[in-house]
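First the structure, then my questions, so here it is.
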Amino acid sequence: PTAVLLSWRDRAAGEDGYVVEVRVRRSGWQQAKTLEANSNSTLVTGLQPGTPYSFRVRAVKSGAASAYSNVATVTTPR
């Protein structure tokens with residue numbers, strides 16, 4: 001109940017890496033993780049049981065970034 005596995009298709013070309021952002025309930029977005037280029041999944045840990053979370057991902061390269069992915073929302077089990 002304290003971790004979420006996220007996965008996505010790596011459609012970026014030449015990216016330096018990925019940034020995963022998280023939002024708890026309706027708070028602001030926070031950076032959760034940075035990942036290496038060609039990543040397509042990550043385990044986000046340290047979450048609270050019974051809590052709604054939203055996640056989004058984008059590719060980054062040399063200070064520029066792609067559009068965000070679709071938002072994935074989950075409520076961790078109690």
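The values are calculated or read from the model by the stated rules, or taken from the named source; none is laboratory data. What you see is a predicted model; the values in this text were computed from it and never measured. A quick note on method: Cβ atoms are made from the backbone with ideal geometry, for glycine too, and the neighbour counts reach across all protein chains shown. When the accessible area is computed, the model is the full protein with side chains, heavy atoms only, and any ligands, DNA or RNA have been set aside. Shrake-Rupley method; radii C 1.70, N 1.55, O 1.52, S 1.80 Å.
Which residues, taken from region 4-23, are touching a strand residue (DSSP E or B) at 6+ places or on another chain (Cβ under 6 Å), among the aliphatic types (A, V, I, L, M) and over 12 Å from residue 58 (Cβ atoms)?
Those that are touching a strand residue (DSSP E or B) at 6+ places or on another chain (Cβ under 6 Å), among the aliphatic types (A, V, I, L, M) and over 12 Å from residue 58 (Cβ atoms): 4, 5, 6, 22.
If residue 40 satisfies every condition in (1) loosely packed, with under 13 Cβ neighbours inside 10 Å; (2) within 20 Å of residue 8 (Cβ to Cβ); (3) not small (Gly, Ala, Ser) but one, which is the exception?
(1)
If you take the residues in region 22-33 that are open to solvent by 80 Å² or more (accessible area, probe 1.4 Å) and modelled with pLDDT under 95, which one is nearest to residue 2 (Cα to Cα)?
25
Next up: Counting only residues that are in contact (Cβ under 8 Å) with a residue 40 or more places away in the chain and assigned to a loop (DSSP other than H, G, I, E, B), which one in region 34-67 is farthest from residue 3 (Cα to Cα)?
62
Do any residues in region 11-30 that are of a type in the set (Asp, Glu) have Cβ atoms under 9 Å from those of residues that are assigned to a loop (DSSP other than H, G, I, E, B) and open to solvent by 70 Å² or more (accessible area, probe 1.4 Å), where the two are at least six apart or on different chains, and which pairs are they?
As it stands, the answer is 15/38; 16/62; 21/68, since those pairs meet every condition given.
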